[in-house]
Amino acid sequence: MCLAVPVKIVSLSKDRYTAVVDAGGVRREANVAMIEEPQVGDYILLHAGFAIQKWSTDDVKEYNEIIQRRENSSE
Amino acid sequence: MNVDKLIESISNKSDRIGRKVNLMEVCGTHTMAAFRSGIRTRLPQQVRLLSGPGCPVCVTSDRYIDHAIELAMTENRIITTFGDMMRVPGSRGSLSLAKARGKDIRVIYSPQQALVAARKNPGREVVFLGVGFETTTPLVAWTIQNAFSQKIPNYSVLCAHKTIMPAMRALCDSDDVRVDGFLCPGHVSVITGAEIYQPLCREYHAPCVIAGFEPEDILLSIDMLLNQIISGEASVEIQYTRSVTTEGNKLAQDCVNDVFEPCDVPWRGMGVIPSSGLSVRSSYKGYDAELKFPDIRVNEVKRDTGCRCGDVLRAVITPSECGLFKKECTPDNPIGPCMVSSEGTCAAYYRYSRIDE
C-alpha cells in the first residue's frame, strides 16, 4: 500500500496543487499540495495520486543508474 | 554497486558475524520487493529476512471490515476504498461480497477521488475507508481539510490509520522473536523523517537502516545493517537518500497533526498498542464516519478459523507453519488478510517462496 513511483511534472494548474505528470509515457493528474514550490520539470515521488517528495537531478541520475544496472544484469 | 558484488559483501560479513541474524523488513512493500526480485534466495542462510507488521490491510481488525460493510448497507451511502481492502474477510463476509450483492462500494486510486465523488453526489453520503500508515495518512488528512474548507458536508472517513513506530517498539518489547536489525520503511520515512527511529537504537540497541525498494537498495541496506552488527553499533542510517531526509515532509506532517490525534488501537495479532492509531480531531468531527453515523454499532466477533495471521505479522511463524497455508487458505479462497493483500506475507510466500521456506 505504500508504493510510490517517480514521475515528472509536465504542467501545473493555476490552483498550484494540481499537476499533470508523465509516468513512463502515461500522463495523469497528480496532487502536489504536499510538496514545497512544485515546478514544471521537477521529478516527484507519487503515492496514491499525491506527490510526497521532490527528487533532485542527482536523485534522478542515481535512480536511472540503478535501473540501468538492473536491466544489464537481466539481459 | 551491482547485485552480485553486494551479495558477495553480505556473505563475507555474514561469515565474520558467525551466527544467524534476523533482519526484519517492516514494510509490506519491502516484503513483496524482496520476494519478487529473488534476492531472498541469494542471501546466505545465516541472514534471515523476517516480515513484520507493515501491511496496513493485514493488521486491520475484523471489526473494522464489519463496520465498513455495515455502513455500505444503507442505500444512501457510497463506500470508497483502496482495492486491497475489497477481499479481506470480516466476520460477515467481505466488501467484495457486499458489492456483488448490489451495495455501492467503489475502488479508487487516490483519496482525492472520494472527495470528488462527494462533490458529484450531494444527495448521498460518501465514506472513505481510511486505512494506511504514515505514507497515506497525510493524503486522507488533506481530503478532510478540503471537505471542511470547501463546505462539502457529505464526506467522511472511517478511520483506521496507524503509525508504525509503536508497533516496532512493541516487537522489541516482545519475547516472541529476536530482531537483530530493522529495514525501516522507505515511504513512511519520506513523511516522518529518519529521526523517529532513534528510540529503537537508544532503548533497544537495534540497528536501523531506511531502505529503498529496488533490489540493489534492499541489498545495500542489508549490508549496512551487517556493518552495524559487526561494529556493535546501533544507529539510524538512510540508504534511501534519494527520497528520505532526517526531518521528513513538514507539509504532510502539519496536515496530519491538524486533522488527527493519537489514540489506542488494536492490531491484528498484537493486541491494543497505546497511541499507535490516529483518530479525527474534534475540530473535524463532522468528517469522522464513526461519529457521523452513531446508529451503526459493530462488536468484535471472534472467529475460530485456525488462521494464524497474527503470529505471521509478529514474525513468530512463517506462513508455511500455519496449518491452513496452501490448503484451505489460498489467494482464491483467503482465510486471513495476509493471504489477501498484495503486500501480505502469506500472499508473497504463496507466490514466490521455495518449497522449504
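How large is the charge dipole for the range B:1-155, taken about the Cα centre, if only the Cβ atoms of Lys, Arg (+1) and Asp, Glu (-1) carry charge, to the nearest 20 debye? Don't skip to the end; give the middle numbers.
Numbers: 21 positive and 12 negative charges, 44 e Å.
So the dipole magnitude of the range B:1-155 works out to roughly 220 debye.
When the dipole is taken about the Cα centre of chain B, and only Lys, Arg (+1) and Asp, Glu (-1) are charged at their Cβ, what size is it in debye, to the nearest 20?
920 debye
With no solvent and one equal point scatterer placed on each C-alpha of the range B:128-264, evaluate the Debye formula and give log10 I(q)/I(0) for q = 0.13, 0.15 Å⁻¹, two decimals.
For the range B:128-264, the Cα-only Debye profile gives -0.62, -0.78.
What FRET efficiency do you get for A:Val20 and B:Arg124 if R0 is 25 Å and r is their Cβ-Cβ distance, rounded to the nearest 0.05?
Working: r = 30 Å, r/R0 = 1.18.
Efficiency computed from Cβ-Cβ geometry: 0.25.
Taking each residue of B:21-29 in turn, how many C-beta atoms of other protein chains fall within 10 Å of its C-beta, and what is the average?
Details: counts 0, 0, 0, 0, 0, 0, 2, 3, 4.
Neighbouring Cβ atoms belonging to other protein chains average 1 per residue here.
By how many degrees, 0 to 90 and rounded to 10, does the Cα axis of helix B:215-231 deviate from the longest principal axis of chain B?
60 degrees
Need the C-alpha centroid separation for the range B:155-171 versus the range B:1-44, integer Å.
Using only Cα atoms to place each centre, the spacing works out to 28 Å.
Output needed: percent of Cα pairs per 10 Å distance bin for chain B, bins running from 0 to the one holding the longest distance.
All Cα pairs, binned at 10 Å, distribute as 5, 25, 32, 24, 11, 3, 0 percent.
Which residues' amide hydrogens lie under 5 Å from the amide hydrogen of B:Phe128, considering only partners 5 or more residues apart or on another chain, with H built in the peptide plane?
Excluding prolines and chain starts, which carry no amide H, the hits are B:Thr80, B:Ser156, B:Val157, B:Leu158.
Helix B:28-37 versus the longest principal axis of chain B: what angle, 0 to 90°, nearest 10, using Cα atoms?
Once rounded, the angle reads 50 degrees.
Under the 0.36 nm per residue contour assumption, what length would be gained going from the current alpha-carbon distance of B:Arg16 and B:Ser149 to full extension? Let's see the in-between values first.
Values: separation 133, 0.36 × 133 = 47.88 nm, distance 5.89 nm.
Full extension of this stretch gives 42.0 nm more.
Summing +1 for each Lys or Arg and -1 for each Asp or Glu, what net charge is found among the other residues whose Cβ lies under 15 Å from the Cβ of B:Pro166? If you can, show how the numbers build up before the last one.
Working: positive: B:Lys162, B:Arg169, B:Arg268, B:Arg314; negative: B:Glu134, B:Asp173, B:Glu203, B:Glu261, B:Asp264.
Once all neighbours under 15 Å are counted, the net charge is -1.
Round to the nearest 10 and give me the degree value, 0 to 90, for the angle of helix B:250-259's Cα axis relative to the longest principal axis of chain B.
Tilt relative to chain B: about 40 degrees.
Average partner chain C-beta neighbours within 10 Å, per residue of B:296-306?
Working: counts 0, 0, 0, 0, 0, 0, 0, 0, 0, 0, 0.
The per-residue average across the peptide is 0.
Given a 10 angstrom Cα cut-off, can you work out which residue in B:Leu97, B:Leu50, B:Leu226 is the most mobile in a GNM of chain B?
Highest fluctuation of the listed residues: B:Leu97.
On full extension of the chain, what length is gained from B:Gln45 through B:Lys326, given 0.36 nm per residue of separation minus the C-alpha to C-alpha distance? Please list the in-between numbers first.
Working: separation 281, 0.36 × 281 = 101.16 nm, distance 2.41 nm.
Between B:Gln45 and B:Lys326, full extension yields 98.8 nm more.
How crowded by other chains is B:135-147, given as the mean number of beta carbons from other chains within 10 Å of each beta carbon? Please report the intermediate quantities before stating the final value.
Values: counts 9, 6, 0, 5, 8, 1, 1, 5, 1, 0, 1, 3, 0.
Average per residue, whole number: 3.
Toward the positive end of the charge dipole of the protein assembly as shown, about the Cα centre and with charges on Cβ (Lys, Arg +1; Asp, Glu -1), which of B:Ile218, B:Ala98, A:Val21 goes farthest?
B:Ala98
How much length is gained if the chain between B:Met1 and B:Thr246 is pulled fully straight, taking 0.36 nm per residue apart and subtracting their Cα-Cα distance, in nm to one decimal? Let's see the in-between values first.
Working: separation 245, 0.36 × 245 = 88.20 nm, distance 2.40 nm.
So the extension gain works out to 85.8 nm.
Work the Kirkwood hydrodynamic radius out for the protein assembly as shown: mean of 1/r over every pair of different alpha-carbon atoms, inverted, in Å. Don't skip to the end; give the middle numbers.
On the way: mean 1/r = 0.0449 Å⁻¹.
In the protein assembly as shown this quantity evaluates to 22.3 Å.
Students often get this wrong: which residues of the range B:276-303 have the backbone nitrogen under 18 Å from the point 7 angstrom along Cα-to-C-beta of B:Glu261?
Only B:276-292 fall inside the zone, counting backbone N under 18 Å.
Name the trypsin sites (Lys or Arg not before Pro) in the range B:139-176 that are in a loop by DSSP and that have at most 15 other C-beta atoms within 10 Å, would you? Walk me through the intermediate numbers first.
Working: sites: B:Lys151, B:Lys162, B:Arg169; in loops: B:Lys151.
Those that pass, being in a loop and sparsely packed, are B:Lys151.
Each reported figure results from applying straightforward, stated rules to the coordinates on display, with no laboratory input. Everything numeric in this text was worked out from a predicted model, so none of it was measured. Note: ideal-geometry Cβ built from the backbone for every residue, glycine included; neighbour counts use all protein chains shown.
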